[in-house]
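Take a look at the structure set out below.
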Amino acid sequence: MKLLRWALCFLLALTLLVAIALQFAPDIEPWPIAPEVPPAKPGEVSLTFLGTSTLLITDGKTHLLTDGYFSRVSIPRLFTPISPNRERIDEALALAGIDALDAIPVLHSHFDHVMDSGIVAQITGAQVLGSSSTAMVARGSGLEEKRITTVQTHHPYRFGDFTLYFVPAGHVPLPGIIENWTGKGEITEPVTPPSLLGAWEEGQSYGLVVEHPAGTILIQGSAGMQPGELDRYQADYALLASASLGKQSEAYQQAFMDETASAVGAHTVIPVHWDDFFRKLEPDVRPLPWMLDNLDASFHALADRHHGDFVVLKPFRPFTLTPPAAPATAPLPQGQSPVSPAPAAPPPGASDGANN
């Protein structure tokens, strides 16, 4: 009995120490934070960071939302069956001014990316796009089959003036015990909440390239990559997950930047997935606590390897993209008039590949 009492006291003390440690988090303020700006003008594209790698992307006519995770389950509850929190979903959508969406592209199928996607799609009328694992989660939420798209990589998916490309990527390496808990495999049956955390396995991870006449962005929902997959793309902005990047080796950090922001030639890097997603989403959301991540090391891994701008977005604060500059044209010889070249003939069997 004495040994049992000592064991219980030890567990209680350990639990208390962990709870206290989770209250300490770094400060985001020393980093360059995007200022509040006037609403985007017609034709401009704005981004709104909504925690983790959830981003509202809109040109005023077409509205996209990556992942759409708002339930933000607390750490203690992760040890029990979990399910979407409809109250938090509704509140976050209202604060972000979202009542209708065209598409919800999902970057991978862990709970903190995909769990709410089917519910958000039902509320907003959106199409869910992602891997076969994401499709299983959407089915488990009750979303009708015609609003679920299992994507092909490097294939164009068009919504209004936006074109989306899903690019093979990877997940940032995590300790083995965490990877086993959260799941690295494929989801082969519909996930019907409440379910244990491991039901939402990773499936395929993607980078997402979003093209628009007003600017092109790359979104990397986890700090992982696949060599060479982004070499064919160009993007003005790279929105890169920072969680756990600071814990990786110098060589890994350099490779991540080489295969993402540098590969697409981005002039601006914006970190995502840095916030404490175990707490309710608020405008002044705090970063992940020191016990779970080192924000400064993760941000330095991005900013110090990027020869351009680095800026942090706060939740619910829209950020307007700067349109790409028009290509420079050489002056014509005196007296010569500009002539439009004849369009090149398309190769046999070519098509635009549009698919919604």
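The values are calculated or read from the model by the stated rules, or taken from the named source; none is laboratory data. Note that the coordinates shown come from a computational prediction; the quantities given were computed from them, not determined experimentally. Because the Cβ atoms are built from the backbone with ideal geometry, glycine has one as well, and the counts that use them run over all protein chains shown. When the accessible area is computed, the model is the full protein with side chains, heavy atoms only, and any ligands, DNA or RNA have been set aside. Shrake-Rupley method; radii C 1.70, N 1.55, O 1.52, S 1.80 Å.
Overview of results
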{"quantity": "For peptides 293-299, 110-116, sequence by mean Cβ density within 10 Å, most packed first", "calculated": "110-116, 293-299"}
{"quantity": "Computed Rg/Rh of the range 207-334, alpha carbon atoms with Kirkwood Rh", "calculated": "1.04"}
{"quantity": "Pairwise centroid distance, computed over Cα atoms, of the range 23-100 with the range 172-246, Å", "calculated": "17 Å"}
{"quantity": "Potential lengthening between residue 286 and residue 181 on full extension [0.36 nm per residue; Cα-Cα distance subtracted]", "calculated": "35.3 nm"}
{"quantity": "Stretchable slack from residue 254 to residue 234, in nm (0.36 nm times residue separation minus alpha-carbon distance)", "calculated": "5.3 nm"}
{"quantity": "DSSP beta bridge pairing in the range 193-305, given as percent antiparallel to the nearest 5", "calculated": "35 percent"}
{"quantity": "Sorted largest first, extent of the range 103-238 alpha carbons per principal axis (Å)", "calculated": "42, 36, 19"}
{"quantity": "Kirkwood hydrodynamic radius of the range 92-160, Cα pairs, Å", "calculated": "12.2 Å"}
{"quantity": "Segments 36-43, 249-256 sorted - mean Cβ within 10 Å per residue, highest first", "calculated": "249-256, 36-43"}
{"quantity": "Violating pairs (Cα-Cα greater than 28 angstrom) within the set 146/280; 41/146; 184/247; 184/314", "calculated": "146/280; 41/146; 184/314"}
{"quantity": "Exposure of residue 177 as accessible area (Å², to 10), given a probe of 1.4 Å and all protein chains", "calculated": "130 Å²"}
